[in-house]
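Trainee: Sharing a structure with you now.
No lab work stands behind these numbers, since they all come straight from the coordinates. Since the structure is predicted, the reported quantities are computational estimates derived from the model, not experimental observations. Cβ coordinates were reconstructed from backbone atoms using ideal geometry, including for glycine residues, and neighbour counts include every protein chain displayed.
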Amino acid sequence: MGEEQAAQGKAQEKPYDPMNAFRDVRDTYLDAWAKAMVETVNTDAYAQTTGIMLDTYLSASSPFREAVEKAMLRVLEQLSMPSRADFIGLAERATNIEMRLDDMDAKLDRIEKLLTKPVSAQRAGKRIATEPGHPNKQNKSKQNGRGAR
């Protein structure tokens, strides 16, 4: 039993690490900064300031962006490569074709339904009319001028 207690005592004692103090200071410092930044970012003044900075950046960078886009178009043209506008045009055309095919498919389905309904109804009507003693059979023979004899 004495040996077990001695082993546990040695396991609980950790060797001195001089970096632990620095780690604790670092963790405390980072926690304080995190709390301060969360409080700062959640204010209206920060949101307004950030908005003004973004507007200024976008308005200042717009002419440069346009110049880069024009230069890129010229380079792509010289290399005989498609531009973004070309791809967008192709995508619009493909979408248009797909929509037309869907419309045609729906119309063909409607036509097929219209053509199959009367055929099945006509077949059912012929079966009934051809049965012996059916009134429609007698009416048809009178209409043909033959009369029932």
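Trainee: Quick check for you: which residues of the stretch 14-38 have the amide N under 14 Å from the point 7 Å beyond the Cα of residue 46 toward its beta carbon?
Mentor: Output list for this probe position: 32-38.
Trainee: What span do the alpha-carbon atoms of the stretch 30-81 cover on each of the three principal axes, reported in whole Å from largest to smallest?
Mentor: If we take the Cα atoms of the stretch 30-81, the spans are 56, 23, 11 Å.
Trainee: What is the extension gain from residue 91 to residue 58, computed as 0.36 nm multiplied by their sequence separation minus the C-alpha to C-alpha distance, in nm to one decimal?
Mentor: Working: separation 33, 0.36 × 33 = 11.88 nm, distance 2.85 nm.
Net length gain for the segment: 9.0 nm.
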